[in-house]
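Scroll down for the structure; my scribbles are underneath it.
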Amino acid sequence: MRQNVIAEKSKKFALRIIALYKYLKKEEREFVLSKQVLRSGTSIGANVREAFAAQTDADFLAKLYISFKEAKETEYWLELLHESNYINDQSFDSIYKDCQEIIKILSSITKTQKEKQPTSIPNSNAKTNP
């Protein structure tokens, strides 16, 4: 159930990021930060989608961690865009809130998945490096 929520929210968020990118390019003539937020903001949903095609639980968890890291990066770019006055308070508050929600959901899913992972038991016969 949570995975469906994150798939939907991350795709809607990606569409908002694309709209923000178009605005920044056309209206603000900003090309560097806007490209960064476009890359990281759309990558969240792409990695979530890829996680659903994972072959193992570990692969699923790894893809969701990548999504989480991309969401944190997007959070940073949004803060920079806001603090450099490329986006106004109202626009920032709205999209930043969505980003925070995605971060919380991904954090919850990855934490739950990690708890489900079996812990590896070290092989006592394996050689160790000094």
- prompt: Do any residues in region 32-47 that are without any contact (Cβ under 8 Å) to a residue 24 or more places away in the chain have Cβ atoms under 6 Å from those of residues that are open to solvent by 10 Å² or more (accessible area, probe 1.4 Å), where the two are at least six apart or on different chains, and which pairs are they?
  reply: L38/Y21; N47/K63; N47/I66
task: Scan region 80-98 residue by residue and report those that are in a helix (DSSP H, G or I) and at positive phi.
output: none
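Collect the residues in region 46-66 that are of a type in the set (D, E, K, R) and surrounded by fewer than 16 Cβ atoms within 10 Å (Cβ to Cβ), keeping them in residue-number order.
Within region 46-66, R49, D57, D59 qualify.
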field: Whichever residue in region 72-87 is within 16 Å of Y21 (Cα to Cα) and free of Cβ contacts under 8 Å to residues at least 40 places away in the same chain and, among such residues, is least open to solvent (accessible area, probe 1.4 Å)
entry: E75
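The values are calculated or read from the model by the stated rules, or taken from the named source; none is laboratory data. Remember, predicted model here, so these are calculated numbers, not experimental data. Don't worry about glycine lacking a Cβ; one is built from the backbone with ideal geometry, like all the others, and counts go over all protein chains shown. Ligands, DNA and RNA are stripped out before the accessible areas are found, and what is left, the full protein with its side chains, is counted by its heavy atoms. Shrake-Rupley method; radii C 1.70, N 1.55, O 1.52, S 1.80 Å.
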